[in-house]
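Visitor: This is the structure I want to talk about, given as structure tokens.
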Amino acid sequence: MTTERDYYDVLGVPRGADPTAMKNAYRKLAKQYHPDCDGGCETKFKELNEAYAILSDPEKRAAYDRFGKAGVNGNGAAGYTDFSDIFNEVFGDAFGDFFGRNARRGPPRGADLRFDMEITLDQAFMGVEREIKAPGADICGGCRGSGAAEGAKPETCATCGGAGQVAQGGLFRVVRTCPSCHGMGETIRNPCRQCDGRGVVRKDKKLAVKIPPGVEDGMRIRLAGEGDAAPRGGQAGDLYIFLSVRSHPLFERNGADLFCRATVPMTTAALGGEINIPTICGKETRVSIPEGAQTGRRVRVKGMGMSALQGRERGDLHVELIVETPSKLNAKQRKLLQEFANSCDELSHPQSTGFVDQAKRFHEARQKG
């Protein structure tokens, strides 16, 4: 009679263990029992994978907790024909290319490149086309990307037989990038002198980049195939344009909306009226000021904000009013203003009156306390 171990005991965790604790336990034991490690054991490694396959799945774990292995019959190890699915999910690239999933085959892909571009807020509104010079790698003209000198050809790698990989192990194979050809599958005995056998040379690339209207600070634009060239017929990398939008002296941006401040004469704020304000498109627009407007009051001008990506409607312009108190009054102005002040009552200055009353109540309560 064979006694099967409890899955929790296999992982060495209690039944109430959370997913993180189980994953950490699996990582530790998988490294210990992997067949290609010192002291490894195929039987224990298989048992470990079976246990983690069940307990890492919420539905299977619930069935196992209630009915034991009978509740997950057919959902255990038999449900995973290749334990590399589990192993690579937990370890990724950190534990090496154990199952060959991440090993390189054939010509490598060209490197992706980054180019930082600063534009103005006006350019972000209108869109702009800019010519850039991006450093990168281009196909060598001497060998046309083969890496071999004229008249010579790359040879099939003797170590991997052209596969670009070498494998070791038994049931659980370790597949690694070939150390001789570095995954290329070919070696070069007589390299090109212009590129030293690399197949590519460093060369600046001039490109016209179109920035669409509505872009925001921190966005990036991908230009497929405009990165580093790849030797021996490999796929070129991509070029990523990282955008930064310079701050504007007048406008602040929040998404598609713009915000600005406008100074309003005290008389206009008191009586109401209109003022002209500039907009991001370079024209002025009239803004109505409501009667009795105070500093901090915001007026919205619909559709006068930023352009939006993908052809959507423009945002709005929000104007924060700053009421300006007149200064350097002449005698006549001072007299008129004094007459105005003498004619005012509590209804004319409700905020000032309210503040005085609030301060008075505060002092009265303090004296009573």
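Visitor: Of the residues in the stretch 296-335, how many are of a type in the set (S, T, N, Q) and surrounded by 14 or more Cβ atoms within 10 Å (Cβ to Cβ)?
Guide: Counting residues in the stretch 296-335 that are of a type in the set (S, T, N, Q) and surrounded by 14 or more Cβ atoms within 10 Å (Cβ to Cβ) gives 1.
Visitor: Would you confirm, using the coordinates I've provided, whether Glu89 is modelled with pLDDT under 60, in a helix (DSSP H, G or I) and open to solvent by 50 Å² or more (accessible area, probe 1.4 Å)?
Guide: Yes; evaluated as a whole, the condition is true for this residue.
Visitor: For the stretch 222-265, what are the residues that are open to solvent by 70 Å² or more (accessible area, probe 1.4 Å) and either in contact with a His (Cβ under 6 Å, 6 or more places away or on another chain) or free of Cβ contacts under 8 Å to residues at least 24 places away in the same chain (or both)?
Guide: Hits for the stretch 222-265 are Arg222, Pro249, Glu252, Asn254.
Visitor: Given the residues Cys160, Cys181, which is the only one that is within 30 Å of Glu42 (Cβ to Cβ) and not in a strand (DSSP E or B)?
Guide: When all the criteria are applied, what remains is Cys160.
Visitor: When the residues of the stretch 321-339 are narrowed to those that are assigned to a helix (DSSP H, G or I) and not aliphatic (A, V, I, L, M), which ends up nearest to Gly127 (Cα to Cα)?
Guide: By that ranking, first place goes to Gln333.
Visitor: What are the residues in the stretch 184-217 that are out of contact with any Phe, Trp or Tyr (no Cβ under 8 Å at 6 or more places or on another chain), in contact (Cβ under 8 Å) with a residue 24 or more places away in the chain, in a loop (DSSP other than H, G, I, E, B) and open to solvent by 40 Å² or more (accessible area, probe 1.4 Å), if any?
Guide: Ile188, Arg189, Asn190, Arg193, Gln194, Arg198, Pro212, Glu216, Asp217
Visitor: Quick one: what pairs do we get from the stretch 316-331, first residue over 17 Å from Gly292 (Cβ atoms), second assigned to a strand (DSSP E or B), C-beta under 6 Å, 6+ apart or different chains?
Guide: Asp316/Asp257; Asp316/Arg300; Leu317/Leu258; Leu317/Val301; His318/Phe259; His318/Arg298; His318/Arg300
Visitor: Out of everything in the stretch 271-320 that is hydroxyl-bearing (Ser, Thr, Tyr) and part of a loop (DSSP other than H, G, I, E, B), what residue ends up being modelled with the lowest pLDDT?
Guide: Ser307
Visitor: Also, I was wondering about something else. Taking the stretch 102-116 as the search range and keeping residues that are outside any loop (DSSP other than H, G, I, E, B) and open to solvent by 60 Å² or more (accessible area, probe 1.4 Å), which one is modelled with the highest pLDDT?
Guide: Across the stretch 102-116, the extreme among qualifying residues is Asp116.
Visitor: If you don't mind, there's one more thing I want to ask. Is it the case that Phe67 is modelled with pLDDT under 75 and in a helix (DSSP H, G or I)?
Guide: yes
Visitor: Determine the pairs where a residue that is over 15 Å from Phe340 (Cα atoms), located within the stretch 266-280, has a partner that is basic (Lys, Arg) with Cβ atoms under 8 Å apart, the partner being 6 or more residues away or on another chain.
Guide: Close Cβ pairs (under 8 Å, with a partner that is basic (Lys, Arg)) amount to Glu274/Arg286; Ile275/Arg286; Asn276/Arg286.
Visitor: Cβ-Cβ distance below 9 Å, separation of 6 or more or different chains: which pairs start in the stretch 8-23 with a residue that is in a loop (DSSP other than H, G, I, E, B) and end on one that is surrounded by 11 or more Cβ atoms within 10 Å (Cβ to Cβ) and among the small types (Gly, Ala, Ser)?
Guide: Here the result reads Gly12/Ala25; Val13/Ala21; Val13/Ala25; Pro14/Ala21; Ala17/Ala25, each pair linking the stretch 8-23 to a residue that is surrounded by 11 or more Cβ atoms within 10 Å (Cβ to Cβ) and among the small types (Gly, Ala, Ser).
Visitor: Next question. Taking only the stretch 340-360 into account, find how many residues are open to solvent by less than 100 Å² (accessible area, probe 1.4 Å), in a helix (DSSP H, G or I) and modelled with pLDDT of 75 or more.
Guide: Residues flagged as open to solvent by less than 100 Å² (accessible area, probe 1.4 Å), in a helix (DSSP H, G or I) and modelled with pLDDT of 75 or more within the stretch 340-360 amount to 2.
Visitor: Could you grab me the full set of residues in the stretch 153-176 that are modelled with pLDDT of 80 or more and either more than 37 Å from the chain's Cα centre (by Cα) or within 14 Å of Pro108 (Cβ to Cβ) (or both)?
Guide: Lys153, Pro154, Glu155, Thr156, Cys157, Ala158, Thr159, Cys160, Gly161, Gly162, Gly164, Gln165, listed by residue number.
The values are calculated or read from the model by the stated rules, or taken from the named source; none is laboratory data. As the structure is a prediction and not an experimental result, all values here were calculated from the model. Here the Cβ is made from the backbone with ideal geometry for all residues, glycine too, and neighbour counts use every protein chain on show. Just so you know, the surface numbers come from the protein's heavy atoms only, side chains and all, with ligands and any DNA or RNA stripped out. Shrake-Rupley method; radii C 1.70, N 1.55, O 1.52, S 1.80 Å.
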